[in-house]
Amino acid sequence: MSTLLVTGGAGFIGSNFVHHVIANTDSHVTVLDSLTYAGNLASLEGIPADRLTFVQGDITDAPLLDELFPTVDAVVHFAAESHNDNSLDDPRPFLDTNIVGTYTILEAARRHGTRLHHISTDEVYGDLELDDPAKFTENTPYNPSSPYSSTKAGSDLLVRAWVRSFGVQATISNCSNNYGPFQHVEKFIPRQITNVLRGERPKLYGAGENVRDWIHADDHSSAVLTILERGVIGETYLIGADGEKNNKEVVELILTTLGQPADAYDHVVDRPGHDLRYAIDSTRLRTELGWEPRYVDFEAGLAATIEWYRDNEAWWAPVKDATEARYAAQGQ
Ligand code: NAD
Ligand code: TDX
């Protein structure tokens, strides 16, 4: 691959992916990002100017895609509205970006014959019981719970239909919860880290027993690059690093790592429809494509992430108050 178009490359995982590609390949990257509240150009600082082109624009802008697609070898599609709590407050932007946006990307890929990798989430499968030994596989039926996850499920189904009906050269990946640098402070781990750094108490939804399967964003990026290079067109790959933890455990770890008592957090109003547990079986990606995660020690990865937020207050401080004000209005 010599030139990649990365949609949503100024967001959390998109920017981590761009850094990963620059560090590990000789590709040129063009980022297409509309810079919503979740996009931040500062997340792409430090990348040599001759390796990166930034285009501010919307993925629903078909004429813009017609200009960009002929200039690249492949498109990696991260752009999305990504936060469940926002989707409960106002679902409309999720339909526009996740459904209509992905449709617009697919039609451009079809017109230009461009290789496409579509980024999705394990939330399309719904949730698992806490005591269920099962994990999600590529064959688990779709059963999304929230406006966010249902629009991601819809986008995946569009990709599958465009592969089968129109021969679009696409692959799909569904990844578990990511953590790492450059994640917006609306999300669980950065919200709690930055609360503690500011002398405020972490906020746990409900009893805190919900389980998430954590993976470092850099491992997500290496998996996506592997699928882009070796994945079979039309196939879906699940990405996960066996990182199941309940929310209470994660908050306690953040508190103790920052020298606070493990119980110095508040329980707040639970999320409506809150998925209980996610867990990924990534056997296919490991055995068929030979991918392995590097961050297998969650505690060490979390400690490094805490350090990053401590060292980069200038990156997150400008949006912290507004984010907390939105949560406070909902009793969270
Ligand atoms: P994010 O919210 O941090 O970033 C999204 C980016 O997309 C932002 O830069 C935003 O400006 C851009 N964007 C939004 N709407 C756009 C539009 N209409 N046109 C152009 N750009 C637009 O999201 P994230 O957490 O980095 O997630 C990236 C992708 O990974 C999403 O598709 C998400 O569903 C998927 N995913 C996320 C996780 C996770 O744990 N965060 C896990 C699995 C999959
Ligand atoms: O303040 C909080 N307190 C809390 O207990 C927040 C913000 C969250 N939570 C809980 C809810 C979840 O059980 O923490 C868990 C993680 O919450 P989020 O960070 O909002 O992530 P989640 O809803 O699991 O979705 C994430 O992973 C899958 C991403 O936001 C999605 O984009 C991705 O698809």
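The values are calculated or read from the model by the stated rules, or taken from the named source; none is laboratory data. Please read these numbers as outputs of a predicted model, since none were measured by experiment. Neighbour counts run over all protein chains shown; Cβ positions are idealised from the backbone, glycine included.
Taken over segment 32-91, residues that are within 23 Å of S150 (Cα to Cα) and of a type in the set (F, W, Y) amount to 2. Does P202 count as surrounded by 22 or more Cβ atoms within 10 Å (Cβ to Cβ) and more than 18 Å from the chain's Cα centre (by Cα)? When the stated conditions are applied, P202 passes them. Considering the conditions (1) within 14 Å of ligand 2 (Cβ to nearest atom); (2) more than 16 Å from R201 (Cα to Cα); (3) within 19 Å of the chain's Cα centre (by Cα), T236 is excluded by exactly one of them, (1).
Within this structure, L32 fails the test of being crowded, with 19+ Cβ neighbours inside 10 Å, more than 9 Å from ligand 1 (Cβ to nearest atom) and not in a helix (DSSP H, G or I). When A74, A108 are checked against the criterion of being touching an Asp or Glu at 6+ places or on another chain (Cβ under 7 Å), at pLDDT 95 or above and surrounded by 19 or more Cβ atoms within 10 Å (Cβ to Cβ), A108 stands alone in meeting it.
When restricted to residues that are surrounded by fewer than 18 Cβ atoms within 10 Å (Cβ to Cβ) and over 22 Å from the mean Cα position of the chain (by Cα), segment 239-257 contains 2. Among the numbered conditions (1) without any contact (Cβ under 8 Å) to a residue 60 or more places away in the chain; (2) of a type in the set (D, E, K, R); (3) within 25 Å of L116 (Cβ to Cβ), the only one that R164 does not meet is (1).
Look at F94 and say whether it is touching a residue at least 24 places away in the same chain (Cβ under 8 Å), of a type in the set (F, W, Y) and away from ligand 2 (no atom under 16 Å from the Cβ). Considered against the rule, which asks whether it is touching a residue at least 24 places away in the same chain (Cβ under 8 Å), of a type in the set (F, W, Y) and away from ligand 2 (no atom under 16 Å from the Cβ), F94 comes out as no. Here D275 fits the description: acidic (D, E), in a loop (DSSP other than H, G, I, E, B) and within 18 Å of Q332 (Cβ to Cβ). Residues in segment 79-93 that are of a type in the set (A, V, I, L, M, F, W, C) and farther than 15 Å from L158 by Cα were compared, and the one that is surrounded by the fewest Cβ atoms within 10 Å (Cβ to Cβ) is L88. Can you tell me which residue within segment 187-199, out of those that are away from ligand 1 (no atom under 12 Å from the Cβ) and crowded, with 19+ Cβ neighbours inside 10 Å, is nearest to the chain's Cα centre (by Cα)? Once the filter is applied, the top-ranked residue is R191. Confirm whether S43 is modelled with pLDDT under 95 and either buried (at least 19 other Cβ atoms within 10 Å of the Cβ) or out of contact with any helix residue (DSSP H, G or I) (no Cβ under 7 Å at 6 or more places or on another chain) (or both). Considered against the rule, which asks whether it is modelled with pLDDT under 95 and either buried (at least 19 other Cβ atoms within 10 Å of the Cβ) or out of contact with any helix residue (DSSP H, G or I) (no Cβ under 7 Å at 6 or more places or on another chain) (or both), S43 comes out as no. The set of residues from segment 215-229 being crowded, with 24+ Cβ neighbours inside 10 Å and in contact with a Lys or Arg (Cβ under 9 Å, 6 or more places away or on another chain) comprises H216, D219.
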